[in-house]
Amino acid sequence: MKEVMMCGRRNRCCPVWTQQDDGNITITDDYDGIVVFTKEQWEIMKEKIVLGEI
């Protein structure tokens, strides 16, 4: 499992991006809200960012 802090400061209003062992991506925000992307959804999101669509 990989974990990336979006701002680099633990416990400082910082979303945390976690890649699960199954390839899914979980993003946890500062208020413990959680968003889960399947690996396929994450790939679509990355492609749209690279293409400048979002």
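The values are calculated or read from the model by the stated rules, or taken from the named source; none is laboratory data. Please read these numbers as outputs of a predicted model, since none were measured by experiment. No Cβ is skipped: glycine too gets one built from the backbone with ideal geometry, and neighbour counts run over all protein chains shown. Remember, those area values only see protein heavy atoms, side chains included, never the ligands or the DNA or RNA. Shrake-Rupley method; radii C 1.70, N 1.55, O 1.52, S 1.80 Å.
One table, with the values for the structure above:
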{"item": "Accessible area per residue in Å² at 1.4 Å probe, computed on the chain", "result": "82 Å²"}
{"item": "Rounded to 5, percent antiparallel among DSSP beta bridges of the chain", "result": "100 percent"}
{"item": "The chain, accessible surface, carbon-and-sulfur percent (1.4 angstrom probe)", "result": "53 percent"}
{"item": "Square roots of five times the Cα gyration tensor eigenvalues for the chain, Å", "result": "20, 14, 10"}
{"item": "Fully extended contour minus Cα-Cα distance, from residue 21 to residue 36, at 0.36 nm per residue", "result": "4.1 nm"}
{"item": "The chain, relative contact order [Cα under 8 Å, separation at least 6], %", "result": "22 percent"}
{"item": "Helix axis angle, 39-50 relative to the chain longest principal axis, alpha carbon, degrees", "result": "80 degrees"}
{"item": "Cysteines in the chain lacking a second Cys C-beta under 4.7 Å", "result": "13"}
